[in-house]
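Worksheet: one structure, shown below.
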Amino acid sequence: MLALARTLGLVLVVLAAPSGVARAATTAETLAQWGLLGTWALDCSQPASSGNGYLTYLATSGGKVVHRREFGSRRDSNDVLEATIGRDGTLELVIHFSALAQTRKFVLMKGPDGRVRAMANSTVEGTEYTVRDGRFTSNNQPTPWQVRCSREQAFQFG
C-alpha cells in the first residue's frame, strides 16, 4: 500500500510539472524588452560627428542584433553576441568589434526619463576598462546620457 501511494504521488508530481520548456530570450527580444532597439545619440537634432555619435541597435533575422556606430565620416557595424538584463535593471551587452578584433562588455543604465548611459565598458574578461562606475577611466568624467532619436531624426542627416 505504501509503495502504491509513493508511485501515485510521483505520478501526480510529474503530471503537475509544467509541460512547456522555457526558452531563453533571443538577443533581439532582450533588447526590445529593455527598450534599446533604435538609434541613440547625445543630440538627435545634430548630425553624427566624433562628439555626437549615432548608435543604432537593429534586430535582424533569427533574433540577432547589429550595433551600428556612426561618427560623421567613421562608421562600422558589429554583432551583439549577448544581452542580459541584470537584477538591478541594467543591460549587459557583449559586442564583437570586427575591425578592432576585440570583444567588449558594456553595462547600460536607463534613467527614469528613458535616457541611457554607459556604466561600464571593458574587455569581456573584465580587464582594460574604458568606463567604470559610470565614469571614463581616462579622465574620471561621468559618461553622458544618450536619448533615443526618432526615425526621422536618425535618417535626416544620412
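The residue of the range 118-139 that is surrounded by the fewest Cβ atoms within 10 Å (Cβ to Cβ), among those that are among the hydroxyl-bearing types (Ser, Thr, Tyr) and assigned to a strand (DSSP E or B), is 123.
You will find that of 86, 126, the residue that is under 11 Å from the mean Cα position of the chain (by Cα) and not aliphatic (A, V, I, L, M) is 86 and no other. Taking the listed residues 90, 56, the one that is in contact (Cβ under 8 Å) with a residue 60 or more places away in the chain, within 19 Å of residue 148 (Cα to Cα) and of a type outside the set (Gly, Ala, Ser) is 56, with no other qualifying.
Evaluation of residue 153 against the conditions (1) within 30 Å of residue 45 (Cβ to Cβ); (2) modelled with pLDDT of 95 or more; (3) surrounded by 13 or more Cβ atoms within 10 Å (Cβ to Cβ) shows that the sole unmet condition is (2). Looking across the range 102-125, just one residue is closer than 14 Å to residue 84 by Cβ and small (Gly, Ala, Ser), and that is 120. Of all the residues in the range 98-127, those that are modelled with pLDDT of 95 or more and within 25 Å of residue 149 (Cβ to Cβ) number 18.
Output yes when any residue across the range 15-28 is at negative phi, charged (D, E, K, R) and at pLDDT 60 or above, and no when none is. Among the residues of the range 15-28, not one is at negative phi, charged (D, E, K, R) and at pLDDT 60 or above, which makes the answer no.
The values are calculated or read from the model by the stated rules, or taken from the named source; none is laboratory data. Remember, predicted model here, so these are calculated numbers, not experimental data. Note that we place each Cβ from the backbone using ideal geometry, even for glycine, and neighbour counts take in every protein chain shown.
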